[in-house]
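K.L.:
One structure, pasted below without further comment.
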Amino acid sequence: MREFLATVSQELAQGNSLCLATIIGQKGSAPRSAGSRFFVRRGGEFWGTIGGGNFEAQVIEQAGAVLERGRSELMHYRLMGADVADTEMICGGDLDVFLDPVSAGDPETLALYQAAAQAAEGGGRALLATLMVDGGEPKASGRKILLRPGQPALGSLPSSDGLLAALSRELDAAGRSAQRLWEGPGAASLPAPLLLEPIATQPVVYIFGGGHVSQKLAPLAAMAGFGLVVADDRPEWANRLRFPQAREIWNRPLETVLAGESLGPESYIVIVTRGHLYDKEVLAQALRQDAAYVGMIGSKRKRAMIYKALSEEGFTTGQLEQVHSPIGLAIGAETPEEIAISIVAELVAVRAARMGSRRL
């Protein structure tokens, strides 16, 4: 979502009108799940993917026609035979795709997507709602609304009793909910289904320790869509050369590495330092954070020693039970590369569980 919104905002600012294509419904097998999206420019150039193959080529062609007409369209696709053969599908399925033209010439639309991109990049959270009207015009007024905490709404929707109040409550959960069709108060009186797209700051993985596992973990975490911060008190181990993907490098004493920091609920803490004493010190600080995930590398014996020491310092059994240790999914990992894969797989699983199902 972060990269998608940033690119849409840039394209509109450069004067390029777009057709956004979003899978809003799925039955059976499909190359991508509901919520997957891409956009098409005039001339057929596109950014992103909703599965590839002949199916995507059909969507690109139809999106170009929608962009020329300047009217939104809901398309129904049944994938079978040749459509299936050139995708990643094994068998056929049904897909609903909403083709949504957005005009670079509409100042309200540009302002809406610029604000949405800012929220996704790190300016907080937001909620984008789009009325999926067949034949809707490519402008925000009457069709799209962006809600942000403490700020005026951008765009507008048809008047509906209780709708804005209900959507404001959805905004409060924007970091924990997935894209979906709205079924709440006011939905029944709308002229078309309402697509909700929660927008939240990118989740960030904080890696404590700059060793071999961390170096293999960092690029995988970045590829999986996480922001990245690496911390180690040794500059020769934690630096831009070893971790080019990191947005920040912290060369701080590990005993006080989180002093004054409030990482927030979208933080994922990975503790892979060079020894159990440092692991204990970092874990004690991590348990005081409001993190989505805290994981610590090591054997069950090492974990028991650290937990015993922390219990004596006043940490509760409930707090310690929230720690993922030994870290990573149990895939029999031994090498730094394998361990990194198991850790990132666990991070993705926790993130997916927090967001709920991606299917609309």
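The values are calculated or read from the model by the stated rules, or taken from the named source; none is laboratory data. Fair warning: this is a prediction, and the values are worked out from it, not measured in the lab. All Cβ positions, glycine included, derive from the backbone under ideal geometry; neighbour counts span all protein chains shown. For accessibility, only protein heavy atoms count, side chains too; no ligands or nucleic acids. Shrake-Rupley method; radii C 1.70, N 1.55, O 1.52, S 1.80 Å.
K.L.:
Lysines within cross-link reach of K144: Cα-Cα under 25 Å, excluding same-chain residues under 8 positions apart?
P.N.:
Cross-link targets: none qualify.
K.L.:
Also, quick follow-up: Give the aspartates and glutamates reachable from K139 as a straight Cα distance under 12 Å; neighbours fewer than 8 places away on the same chain don't count.
P.N.:
D100, D106, E108
K.L.:
How much of the DSSP bridge set in the chain is antiparallel, in percent, rounded to the nearest 5? Working shown, then result.
P.N.:
Working: 42 of 60 bridges.
Percentage antiparallel, nearest 5: 70.
K.L.:
Sorted by average packing, counted as other Cβ atoms within 10 angstrom per residue and highest first, what order do 239-249, 132-142 take?
P.N.:
With the highest mean Cβ count within 10 Å placed first, the list reads 132-142, 239-249.
K.L.:
Once amide H atoms are placed 1.01 Å from N in the peptide plane, what residues at a sequence separation of 5 or more from A140, or on another chain, have their amide H within under 5 Å of its amide H?
P.N.:
T109
K.L.:
Further, regarding this structure: Taking the Cβ-Cβ separation of R42 and L181 as r and a Förster radius of 45 Å, what is the calculated FRET efficiency to the nearest 0.05?
P.N.:
According to the calculation, E is roughly 0.95.
K.L.:
Let me ask something else about it. Go ahead and estimate [θ] at 222 nm for the chain from helices alone: -39,500 (n - 2.57) per DSSP H run with n ≥ 4, summed, over the residue count, rounded to 500.
P.N.:
Result for the chain, helices only: -10000 deg cm²/dmol.
K.L.:
Please report Rg over Rh for the range 176-231, where both radii come from the alpha carbon positions and Rh follows the Kirkwood definition.
P.N.:
My calculation puts Rg/Rh at 1.31.
K.L.:
Ranked highest first by average number of other Cβ atoms within 10 Å, how do 184-192, 278-286 line up?
P.N.:
278-286, 184-192
K.L.:
Here's something else I'd like to know. Give me a comma-separated list of calculated 3J(HN,Hα) values for the range 59-72, in order, Karplus coefficients 6.51, -1.76, 1.60 applied at θ = phi - 60°, integers in Hz, x for any Gly or Pro.
P.N.:
5, 4, 4, 5, 4, x, 5, 5, 5, 5, 6, x, 9, 5
K.L.:
Here's another thing I want to ask about it. Give a residue-ordered list of calculated ³J(HN,Hα) values for the range 225-240 (Karplus: 6.51 cos²θ - 1.76 cosθ + 1.60, θ = phi - 60°; whole Hz; x for Gly, Pro).
P.N.:
Once θ is set to phi - 60°, the couplings for the range 225-240 become x, 8, x, 9, 10, 10, 10, 7, 6, 10, x, 6, 9, 10, 7, 5 Hz.
K.L.:
In addition: Give the relative contact order (percent, whole number) for the range 213-359; include only Cα pairs under 8 Å separated by 6+ residues.
P.N.:
22
K.L.:
How many nm separate the modelled label positions at E321 and E68, each set 7 Å beyond the Cα in the direction of the Cβ?
P.N.:
Rounded to a tenth, the inter-label distance reads 6.3 nm.
K.L.:
So what J values fall out for the range 307-323 if you push phi through Karplus, 6.51 cos²θ - 1.76 cosθ + 1.60 with θ = phi - 60°, rounded to Hz, Gly and Pro as x?
P.N.:
Karplus-based 3J(HN,Hα) across the range 307-323 equals 5, 4, 5, 5, 4, 5, 8, x, 6, 8, 4, x, 5, 5, 5, 7, 7 Hz.
K.L.:
Using a 1.4 Å probe and counting only protein heavy atoms, arrange H324, H76, H276 so the residue with the most accessible area comes first.
P.N.:
Working: H324 55, H76 130, H276 85 Å².
Of H324, H76, H276, the descending order of accessible area is H76, H276, H324.
K.L.:
What whole-number value in Å² describes the accessible area per residue of the chain for a 1.4 Å probe? Numbers along the way, then the final one.
P.N.:
Numbers: 16230 Å² over 360 residues.
That works out to 45 Å² for each residue.
K.L.:
Rank these by accessible area, largest first, 1.4 Å probe: Y307, Y268. Present the calculation step by step, with values, prior to reporting the outcome.
P.N.:
Details: Y307 40, Y268 0 Å².
From most exposed to least exposed: Y307, Y268.
K.L.:
Using r as the Cβ-Cβ distance of M223 and E313, and R0 as 35 Å, what FRET efficiency do you calculate, to the nearest 0.05?
P.N.:
E between M223 and E313, to the nearest 0.05, is 0.40.
K.L.:
Still on this structure: Straight-line reach from K216: which lysines have a Cα under 27 Å away, not including same-chain ones fewer than 8 places off?
P.N.:
Straight-distance partners of K216: K280, K300, K302.
K.L.:
Now for a separate question. Assuming a ≥ b ≥ c are the square roots of the Cα gyration tensor eigenvalues, decide whether the range 221-280 counts as rounded (a/c under 1.5), prolate (otherwise, with a/b larger than b/c) or oblate.
P.N.:
In terms of gyration-tensor shape, oblate.
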